[in-house]
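Peer 1: Submitted below is the structure of interest, expressed as structure tokens.
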Amino acid sequence: MIRINCPFCGERDHSEFGYGGDASIEYPALDASMDEWHDAIFLRENICGMQSETWHHVSGCRMWLIVERDTMTHQIKSVRPAHDANAAVLADLAAGDQS
Amino acid sequence: MSAQRLQKGGRINRQKRIDFTWDGRPLKGYAGDSLASALLASNEKVLGRSFKYHRPRGIMSAGVEESGAMVTIGRGARRDPNVKATMQELYQRLEASGQNAWPNVRYDVGAVNSLFGRFFAAGFYYKTFMGLPPFEWGSKGTGLWMKYEKIIRKAAGMGTASREPDPDVYDHAHGFCDVLVVGSGPAGLQAALTVASAGMDVWLVEQDWSLGGDLLNLDDDKMEKKRLELIAELEKAGVRIMRRTTVFGLYDNGTAGLLERVTDHLTTAHAYQPRQRFWTLRARHTIVASGALERGMAFGNNDRPGIMNVAAGRAYLNRYAVLAGEHVVVATNNDSAYRSAAELSAAGAKISLLDARTRVGSEMLDIAADANISLHTGSAPLNATGLPGISGIEVASSIKGGWELESRLNCDLLLVSGGWSPVVHLLSHRGLKPVWNAEQACFIAPSTDEPIHVAGSAAGIWNTDDCFDSGQSTGAHVVKALGGKARARAMPAAGGWKNRIKPVYEVRVEGRKTKAIVDPQHDVTADDIRLAHREGFVSVEHLKRYTTLGMATDGGKVGNIIGLALMAEALGKDIPEVGTTTFRPPYTPVAIGALKGRNVDQHFRPLRRTPMHDWNLEHGATMTMAGLWHRPWYFARKGETISEAYVRETETTRKSVGLCDVTSLGKIAVQGPDATELLNRVYTNPFAKLPIGKARYGIMLRDDGMVMDDGTTWRFSDTDYFMTTTTAHAAKVMVWLEELLQTRWQDLRVHVTSVSEQWAGCAVAGPKSRDVMSACVEDASVMSNENFPFMGVIETTLKGDIPCRIARISFSGELAYEAYVPSDYAPAMMDMLWAEAQKHDGCLYGLEALGAMRIEKGHVTGAELDGRVSIDDAGLGKMASADKAYIGKAMRDRPELLREDRPRLVGIMPVNRDEKFNAGSILCAANKVSGMGEGWITAVTHSPVMGHWIGLGFISGGHEAWQGKAVVAADPVRKGNINVEIISPHMYDPSGEKMHG
């Protein structure tokens, strides 16, 4: 059981989450070429070590998260909201807590 | 007579007599007994028969590593096979019986197998039955193998499970703690107290019914006092103490799996008690104080009843007050056996002690001399004699590079210590490779970055006082790691014996054939290991699979190290070079029932009911499952079959009007300034110009260009849409929209909310549907054809001021509406609609009629949109816009997806109109009914409109390619080949006049 520290809900079992995929993929524009789309959809690194990936807290807050996970050990290095504006708000709140 | 119950001592309560039966015979024991100790005290010697050779087996241990006394408990539906008698607490009226034997374990016909022992060596089955003809004769050979396999499996095996449904209840439970302590021996007790004293939340988990671990087996008043004090302090400190609970596995990020045996020790359980509880525990830190197991040595007939490990002899004596033999030989290669031998001697046994070491220190000599023990150094057992139980041994003496036969000794009990193996299983579950410690001749877990710590004999620390210290030290370390304050004692090093252990794994004299068992549960012998090596199995992982060493229910607790050592010897290598296999969860067997918990029968998966569920039932619905949803299947009138009912429902709907619960469709509120843009990107057809007050049918593709889902989306304002999805894909579409908005398209100002459960929906279909709707809305004028055209959407109120949103959309091909009200109003809406529908001789219809009408109309559902279908395959290519970009646009133009011969949606009907065909049939050209065929059938129905069976399916090239060609719907499993015609999927009202009318 992997435990994921959701920035909105706290640490939860991975069974509450849905796995998305490789978070490092930049999806092309909708009118991009077939080749660009092919590479974005089908080409994946098979990373042994720290990998950035998306998870969906589907049985929780339903937020998409970016998780840095070691594929060898399941150790999780960081978790942040996938949406940059949400991440910024959380960072502001954290800064406010400290001041 | 050899084993006997002592008049005093032990942890049994002689005031509480317990009656139980063994193979139907009444026996007695006392409270505090294990089944094994009670059987031993009753002098029952043969308790089991081995896996392959049906060799007689008795008690081999006093613990979890037991491989001899495997018995069946209970009967009928509650028959529980392969229970270790050593771990079974005795209770009143317990029924135990022997297994893998006929007629019983004492006289077993299967024992003839042992005469053919050489045929049952490693790899026997493969070599004999699979490598040679007839087993390589294709399918025929497989059939023969399966026949022989049945016979072989019957002859070899363990207990058999009940075939009746499990009558017991099992619970799943969840827990959280700061620190999990596994094991309540000296290290575990001390560690738990150290951590709890610092205010941490601690769980102490013990597989036994008493706390103390090896302390329970000592005859030492001082230690007993300390044990009781520690337990009292733990209780005072609020430690959660779990007895009869096994930590069977350690998993990622501090998760542990626990099995709590709640009622397995009770004669009758309370109704509220589950039999077992399956715990998922999340601990910030875990202290593994799981102890060590004593291993034996391989020598001739080393599995005879009357041979057990030394620790077991001590446990039966001190804990259960059973002296297991009168004439006892103790064979050892280390110091740990001496104290036990002395205690057995003091209890009245006559002891000969064989020490494989030629020299031992004076402390050991003094113990032997003081206890009147006859000590033979440089000696070890070579072969056990006597059948079924041991009556004596042949003794070997150590010579340069080996052993030679020296003498014989009579005995009725042989206790063996070949060294101790720390229980590293839980660490192995975490992927840690144990490291060989040559000094102590054992594998020890390496340290880890994870918050998991090892204490006590699990870390190779042999002295009890050192184990207490290591518990304190480990506990204090954990307290500090958790931010608390504690003073740690020095952590003792592994070891603690006065004289070094002499590794002895096998005692053998060259040229003498003996049966030396390495893995007693699977009857793997020392010769099997050497055979495997000769045949080229040099990796331990291959050795394990070829010989099945360590693959029985004990997972190699007893035999693994001896097997590895013999392999290393055969290879001419050291043990660390050979390595060890990986221990995997569970540490001890876990019943399937515990894994399933309460998720059985109707609780196997969640059940979803619509808000008009009860209303449907009251009106005669027969229900069926659609995904997780319970939906009306058909509404049979008195005496009607399902076929009659749905045909009538279809006819009535097409002729007059029908009502159908469509609440299970997915519904998503799509709201915000950029809602239009979002829809325009995810649907293939244009949504940018959808007027307010209109709905549009849309197709969504995946990134790879295949169809994801379809449905209608209704527009209520500039910024407010109501999207419907198929029942099957509702959750998937919701997740997809959330992903797009939160990851790829963060700039879009849109909010999506699942409102599937907020709105209850009813389809009102048929020529009279407008009349029904008009009678139910407050203002009938909103329903006129002019005000409410095809694909129109309105928000209005039903009579009684019920808020309602209605779309004029049709799945049936008739004039039809879908009306949605807030869920609580569902029965009220249905009452109103039904009263009006009845005035037109209308009907209620279910999924069967819904399916029939959509097949007639050629509408696709999840049966067709199975993830392998492109928008062109589904015949919906005209829905794909050429003028805008949308998800999947680039990839749907992949050359393979544009091939003319791709399977495309078609309608199907039988050439002979009286014939029926089945969904799932393969469509083949009539002159080539073989192989993969040209297509397949996804759905069939008897069409009331056409008066015969019709179907939908896919066939290469679509219906144009098959006009006038002979096609067969092949159904080889159900043995039917039906000649069919391939036609357009739009079989009913292709121009759509009816629904537009």
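Peer 1: Got a sec? Which of B:Y53, B:Y91 is within 30 Å of B:L6 (Cα to Cα) and part of a loop (DSSP other than H, G, I, E, B)?
Peer 2: Criteria check complete, one pass: B:Y91.
Table: residues versus (1) at positive phi; (2) outside any helix (DSSP H, G or I); (3) within 14 Å of chain A (Cβ to nearest Cβ).
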residue	(1), (2), (3)
B:M708	no, yes, yes
B:R715	no, yes, no
B:M734	no, no, yes
B:E738	no, no, yes
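Peer 1: Considering only the stretch B:914-953, how many residues are in contact (Cβ under 8 Å) with a residue 40 or more places away in the chain and either closer than 30 Å to B:T652 by Cα or assigned to a loop (DSSP other than H, G, I, E, B) (or both)?
Peer 2: Qualifying residue count for the region: 23.
Peer 1: Hey, another quick one. Can you work out which of the residues in the stretch A:1-20 that are touching a residue at least 40 places away in the same chain (Cβ under 8 Å) and part of a loop (DSSP other than H, G, I, E, B) is farthest from the other protein chains (Cβ to nearest Cβ)?
Peer 2: Looking at residues that are touching a residue at least 40 places away in the same chain (Cβ under 8 Å) and part of a loop (DSSP other than H, G, I, E, B), I get A:C9.
Peer 1: Also: In this structure, is B:A289 within 14 Å of B:V182 (Cα to Cα), surrounded by 23 or more Cβ atoms within 10 Å (Cβ to Cβ) and touching a residue at least 12 places away in the same chain (Cβ under 8 Å)?
Peer 2: yes
Peer 1: For the stretch B:642-650, indicate whether the set of residues that are part of a loop (DSSP other than H, G, I, E, B) and at pLDDT below 95 is non-empty.
Peer 2: Looking through the stretch B:642-650, none of the residues is part of a loop (DSSP other than H, G, I, E, B) and at pLDDT below 95.
Peer 1: In the stretch A:32-65, which residue that is away from chain B (no Cβ under 12 Å) and free of Cβ contacts under 8 Å to residues at least 12 places away in the same chain is surrounded by the fewest Cβ atoms within 10 Å (Cβ to Cβ)?
Peer 2: In this case the residue turns out to be A:N46.
Peer 1: Right, next: Do we have B:T622 as touching a helix residue (DSSP H, G or I) at 6+ places or on another chain (Cβ under 8 Å), outside any helix (DSSP H, G or I) and within 30 Å of B:V247 (Cβ to Cβ) here?
Peer 2: Against the criterion (touching a helix residue (DSSP H, G or I) at 6+ places or on another chain (Cβ under 8 Å), outside any helix (DSSP H, G or I) and within 30 Å of B:V247 (Cβ to Cβ)), B:T622 does not qualify.
Residue-wise test of (1) among the aromatic types (F, W, Y); (2) modelled with pLDDT of 95 or more; (3) farther than 23 Å from B:R609 by Cα; (4) surrounded by 24 or more Cβ atoms within 10 Å (Cβ to Cβ).
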residue: B:P822; (1), (2), (3), (4): no, yes, no, no
residue: B:M829; (1), (2), (3), (4): no, yes, no, yes
residue: B:W834; (1), (2), (3), (4): yes, yes, no, no
residue: B:A837; (1), (2), (3), (4): no, yes, yes, yes
residue: B:L844; (1), (2), (3), (4): no, yes, no, yes
residue: B:A863; (1), (2), (3), (4): no, no, no, no
residue: B:A882; (1), (2), (3), (4): no, no, yes, no
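Peer 1: Answer with yes or no whether B:K28 is out of contact with any Leu (no Cβ under 8 Å at 6 or more places or on another chain), part of a strand (DSSP E or B) and more than 15 Å from B:T86 (Cα to Cα).
Peer 2: Yes; evaluated as a whole, the condition is true for this residue.
Peer 1: Evaluate the following for B:E44: is it free of Cβ contacts under 8 Å to residues at least 60 places away in the same chain and crowded, with 22+ Cβ neighbours inside 10 Å?
Peer 2: Considered against the rule, which asks whether it is free of Cβ contacts under 8 Å to residues at least 60 places away in the same chain and crowded, with 22+ Cβ neighbours inside 10 Å, B:E44 comes out as yes.
Peer 1: Follow-up. Modelled with pLDDT of 95 or more and under 34 Å from the mean Cα position of the chain (by Cα): which single residue out of B:A101, B:A96, B:A77, B:A41 fits that description?
Peer 2: Exactly one residue qualifies, and that residue is B:A96.
Peer 1: Cβ-Cβ distance below 8 Å, separation of 6 or more or different chains: which pairs start in the stretch B:875-895 with a residue that is at the interface with chain A (Cβ under 9 Å from one of its Cβ atoms) and end on one that is aromatic (F, W, Y) and assigned to a helix (DSSP H, G or I)?
Peer 2: These pairs meet every condition: B:A890/A:W37; B:M891/A:W37.
Peer 1: Restricting attention to the stretch B:884-902, which residues are touching a Ser or Thr at 6+ places or on another chain (Cβ under 8 Å), part of a loop (DSSP other than H, G, I, E, B) and of a type outside the set (A, V, I, L, M, F, W, C)? So that I can check it myself, show each step before the final result.
Peer 2: At the first step, the residues of the stretch B:884-902 found to be touching a Ser or Thr at 6+ places or on another chain (Cβ under 8 Å) are B:886, B:888-890, B:892, B:897, B:901-902.
With part of a loop (DSSP other than H, G, I, E, B) added as a condition, the list becomes B:886, B:888-890, B:901-902.
B:Y886, B:G888, B:K889, B:D901, B:R902, listed by residue number.
Peer 1: Keeping to the stretch A:66-75, report how many residues are modelled with pLDDT of 95 or more and at the interface with chain B (Cβ under 9 Å from one of its Cβ atoms).
Peer 2: Number satisfying all stated conditions: 1.
Peer 1: If you check B:A62 against the conditions, is it outside any helix (DSSP H, G or I), aliphatic (A, V, I, L, M) and either surrounded by fewer than 24 Cβ atoms within 10 Å (Cβ to Cβ) or in contact (Cβ under 8 Å) with a residue 40 or more places away in the chain (or both)?
Peer 2: Yes; evaluated as a whole, the condition is true for this residue.
Peer 1: Something else now. Can you go through A:A82, A:A23, A:A87 and tell me which one is more than 22 Å from B:K732 (Cβ to Cβ) and either under 13 Å from the mean Cα position of the chain (by Cα) or more than 9 Å from chain B (Cβ to nearest Cβ) (or both)?
Peer 2: A:A87
Peer 1: So which of B:A455, B:A459 is crowded, with 24+ Cβ neighbours inside 10 Å, at pLDDT 95 or above and within 30 Å of B:D303 (Cα to Cα)?
Peer 2: So the residue among B:A455, B:A459 that is crowded, with 24+ Cβ neighbours inside 10 Å, at pLDDT 95 or above and within 30 Å of B:D303 (Cα to Cα) is B:A459.
Peer 1: Across the stretch B:537-563, which residue is nearest to B:P585 (Cα to Cα) among those that are among the small types (G, A, S) and under 23 Å from the mean Cα position of the chain (by Cα)?
Peer 2: Out of the qualifying residues, it is B:G555.
Peer 1: If a residue counts only when it is out of contact with any helix residue (DSSP H, G or I) (no Cβ under 6 Å at 6 or more places or on another chain) and either in the same structural domain as B:H174 (by TED's automatic domain parsing) or surrounded by fewer than 21 Cβ atoms within 10 Å (Cβ to Cβ) (or both), which strands (runs of 3 or more DSSP E) contained entirely in the stretch B:199-250 have at least 3 such residues?
Peer 2: Qualifying strands (runs of 3 or more DSSP E): B:240-242, B:245-250.
Peer 1: Quick one: in the stretch B:428-449, which of the residues that are touching a Pro at 6+ places or on another chain (Cβ under 7 Å), closer than 22 Å to B:D214 by Cα and not in a strand (DSSP E or B) is nearest to the other protein chains (Cβ to nearest Cβ)?
Peer 2: Only one residue tops the list, namely B:A445.
Peer 1: Just one of B:V793, B:V782 is buried (at least 22 other Cβ atoms within 10 Å of the Cβ) and among the β-branched types (V, I, T); which is it?
Peer 2: B:V793
Peer 1: Can you pull out the residues in the stretch B:266-310 that are under 30 Å from B:G484 (Cα atoms) and in a loop (DSSP other than H, G, I, E, B)?
Peer 2: Scanning the stretch B:266-310 gives B:A289, B:S290, B:G291.
Peer 1: For the stretch B:708-727, how many residues meet the condition of being surrounded by fewer than 20 Cβ atoms within 10 Å (Cβ to Cβ) and either in contact with a Cys (Cβ under 8 Å, 6 or more places away or on another chain) or among the small types (G, A, S) (or both)?
Peer 2: Counting residues in the stretch B:708-727 that are surrounded by fewer than 20 Cβ atoms within 10 Å (Cβ to Cβ) and either in contact with a Cys (Cβ under 8 Å, 6 or more places away or on another chain) or among the small types (G, A, S) (or both) gives 1.
The values are calculated or read from the model by the stated rules, or taken from the named source; none is laboratory data. Computed from a predicted model, the values in this text were never measured in an experiment. Cβ coordinates were reconstructed from backbone atoms using ideal geometry, including for glycine residues, and neighbour counts include every protein chain displayed.
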